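The values are calculated or read from the model by the stated rules, or taken from the named source; none is laboratory data. In this text the structure is predicted, and so the values were computed from the model without any measurement. Backbone-built Cβ (ideal geometry, glycine too); neighbour counts: all protein chains shown.
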Amino acid sequence: MESVLVLIAPGEGEPLEEVIVASVRDSLKRQGAGLGAMRWLAPGRACEWPFSGIAPAAAARAAGATLDQRRIDAAALSAEGRRKKLLVADMDSTIVAGETLDDLAAFAGVKDRVAAITARAMNGEIDYKSSLRERVALLKGLGADCLEKTFAHTRLNPGAETLVATMRAHGAHTFLVSSGFRYFTSRIAARAGFDAETGNEIEIAGGRLTGRVAEPILDKEAKRAALLGAAARFGVAPSEAIAVGDGANDLPMILEAGIGVAYRPKPSVAAAAPVAVRHADLTALLYVQGYARDEFTEPS
């Protein structure tokens, strides 16, 4: 079988019941797919089965139409080489909950203004570099101690540490790449267990933010370049990478990777990404690669 379909239910809420699995199976058969034996990756949580005869995109559409409003994710992809040797992950609203820049802006009393610009940038409505300069300018004069205050309230998204720990335990390299600030990426990378990280540098002078971000700004094309650079540095092909992000500035690296995942994505990103995870936590990326639950490595 040349392709595989993966169904993933969230950790809490609607389980993946046999009747749901059967409905999706029947929908694939109606599309002309030949199906192999179904395998549970985690009982009631995730399953997969190989198929042939139709394209992965057609299988994903058929599964999505059958699942309708159910809080279950479906991913269809090539069965070959699913376990990747490199994880490249966005930080804000992917590895961590929320946007660190928006949260930082709360200390300057401009969170709503900054968050509105962020939302437009993440959906690809405005240029990212210009939007970042505009947002950072609103923080001019803010005490640098607010960076630490923001970090103290930043939380990892569910499944982040397990995703990183499991891939590293199976020999993969892990890289955190963000259009946010290295003040946060360095600390989040250490907390989540990433091998390496990169991000933008926010300028500080006299213990206060200057309202400027150092050039060059790491934007969507720089993220794609970061994936290619990490692949070269770690000695793997881009096809051997899995990339995950939520915003428009993540899309080039998502499309460059062997498996590209949009996590809790903005609409424009969900429409373009090969795989979209809307409901499950970040361990969905392990199920998509064919890991069973008993193969997960929990963080120490």
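Limited to the stretch 130-186, what total is found for residues that are among the basic types (Lys, Arg), closer than 15 Å to ILE202 by Cα and not in a loop (DSSP other than H, G, I, E, B)?
Going through the stretch 130-186 one residue at a time, the tally reaches 3.
Which of the residues spanning the stretch 32-69 are in contact with a helix residue (DSSP H, G or I) (Cβ under 9 Å, 6 or more places away or on another chain), buried (at least 17 other Cβ atoms within 10 Å of the Cβ) and not aliphatic (A, V, I, L, M)?
Listed by number, the residues that qualify are ARG45, CYS47, GLU48, TRP49, PHE51, THR66.
Looking only at the stretch 104-124, count how many residues are outside any helix (DSSP H, G or I) and either small (Gly, Ala, Ser) or modelled with pLDDT of 90 or more (or both).
So in the stretch 104-124, the residues outside any helix (DSSP H, G or I) come out as 107-110, 123-124.
Restricting the remaining residues to those that are either small (Gly, Ala, Ser) or modelled with pLDDT of 90 or more (or both) gives 107-110, 124.
Summing the residues that are outside any helix (DSSP H, G or I) and either small (Gly, Ala, Ser) or modelled with pLDDT of 90 or more (or both) in the stretch 104-124 gives 5.
Tell me, yes or no, whether the stretch 81-103 has at least one residue that is surrounded by fewer than 17 Cβ atoms within 10 Å (Cβ to Cβ), touching a Lys or Arg at 6+ places or on another chain (Cβ under 9 Å) and either assigned to a strand (DSSP E or B) or among the charged types (D, E, K, R) (or both).
Scanning the stretch 81-103 turns up no residue that is surrounded by fewer than 17 Cβ atoms within 10 Å (Cβ to Cβ), touching a Lys or Arg at 6+ places or on another chain (Cβ under 9 Å) and either assigned to a strand (DSSP E or B) or among the charged types (D, E, K, R) (or both).
Quick grid of which residues meet (1) among the aliphatic types (A, V, I, L, M); (2) within 19 Å of the chain's Cα centre (by Cα):
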{"site": "SER93", "(1), (2)": "no, yes"}
{"site": "GLU99", "(1), (2)": "no, yes"}
{"site": "ASP103", "(1), (2)": "no, no"}
{"site": "ALA106", "(1), (2)": "yes, no"}
{"site": "GLY109", "(1), (2)": "no, no"}
{"site": "VAL114", "(1), (2)": "yes, no"}
{"site": "ILE117", "(1), (2)": "yes, no"}
{"site": "ASN123", "(1), (2)": "no, yes"}
{"site": "LYS129", "(1), (2)": "no, no"}
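Consider ARG133 carefully, then state whether it is without any contact (Cβ under 8 Å) to a residue 60 or more places away in the chain and among the basic types (Lys, Arg). Working first, answer last.
Numbers: without any contact (Cβ under 8 Å) to a residue 60 or more places away in the chain: no; among the basic types (Lys, Arg): yes.
No, not satisfied.
Could you grab me the full set of residues in the stretch 192-224 that are at pLDDT 95 or above and in contact with a Ser or Thr (Cβ under 6 Å, 6 or more places away or on another chain)?
Of everything in the stretch 192-224, those that are at pLDDT 95 or above and in contact with a Ser or Thr (Cβ under 6 Å, 6 or more places away or on another chain) turn out to be PHE194, ASP195, GLU197, GLY199, GLU203.
If you check GLU221, GLU148, GLU201, which single one turns out to be charged (D, E, K, R), within 19 Å of the chain's Cα centre (by Cα) and in the same structural domain as ALA115 (by TED's automatic domain parsing)? Explain how you work it out, then say what you get.
Working: GLU148 fails: within 19 Å of the chain's Cα centre (by Cα); GLU201 fails: within 19 Å of the chain's Cα centre (by Cα).
Answer to the check: GLU221.
So which residues in the stretch 1-13 are surrounded by 13 or more Cβ atoms within 10 Å (Cβ to Cβ) and touching a His at 6+ places or on another chain (Cβ under 9 Å), if there are any at all?
ILE8, ALA9, PRO10
So which residues in the stretch 187-202 are surrounded by fewer than 22 Cβ atoms within 10 Å (Cβ to Cβ), assigned to a helix (DSSP H, G or I) and in contact (Cβ under 8 Å) with a residue 24 or more places away in the chain, if there are any at all?
Within the stretch 187-202, ARG187, ARG191 meet the criteria.
Please indicate, with yes or no, whether at least one residue in the stretch 152-166 is under 20 Å from VAL261 (Cα atoms) and hydroxyl-bearing (Ser, Thr, Tyr).
Filtering the stretch 152-166 down to residues under 20 Å from VAL261 (Cα atoms) leaves 156-166.
Of the ones still in play, those that are also hydroxyl-bearing (Ser, Thr, Tyr) are 162, 166.
Within the stretch 152-166, one or more residues are under 20 Å from VAL261 (Cα atoms) and hydroxyl-bearing (Ser, Thr, Tyr).
Tally up the residues in the stretch 203-221 that are out of contact with any Gly (no Cβ under 9 Å at 6 or more places or on another chain) and touching a residue at least 24 places away in the same chain (Cβ under 8 Å), please.
The total comes to 6.
Of everything in the stretch 190-200, what is in contact with a helix residue (DSSP H, G or I) (Cβ under 9 Å, 6 or more places away or on another chain) and not acidic (Asp, Glu)? Give them in sequence order. Let's see the steps before the verdict.
Narrowing the stretch 190-200 to residues in contact with a helix residue (DSSP H, G or I) (Cβ under 9 Å, 6 or more places away or on another chain): 191-200.
Within the stretch 190-200, ARG191, ALA192, GLY193, PHE194, ALA196, THR198, GLY199, ASN200 meet the criteria.
Restricting the stretch 173-191 to residues that are touching a Leu at 6+ places or on another chain (Cβ under 6 Å) and at pLDDT 95 or above, which is nearest to LEU104 (Cα to Cα)?
TYR183
Failed condition for ILE254, given (1) at pLDDT 95 or above; (2) in contact with a strand residue (DSSP E or B) (Cβ under 6 Å, 6 or more places away or on another chain); (3) within 19 Å of THR100 (Cβ to Cβ), with all others met?
Only one criterion in (1) at pLDDT 95 or above; (2) in contact with a strand residue (DSSP E or B) (Cβ under 6 Å, 6 or more places away or on another chain); (3) within 19 Å of THR100 (Cβ to Cβ) is unmet by ILE254, namely (3).
Does LEU218 qualify as being closer than 15 Å to LEU77 by Cβ and in contact with a strand residue (DSSP E or B) (Cβ under 7 Å, 6 or more places away or on another chain)?
Numbers: closer than 15 Å to LEU77 by Cβ: no; in contact with a strand residue (DSSP E or B) (Cβ under 7 Å, 6 or more places away or on another chain): yes.
It is false that LEU218 is closer than 15 Å to LEU77 by Cβ and in contact with a strand residue (DSSP E or B) (Cβ under 7 Å, 6 or more places away or on another chain).
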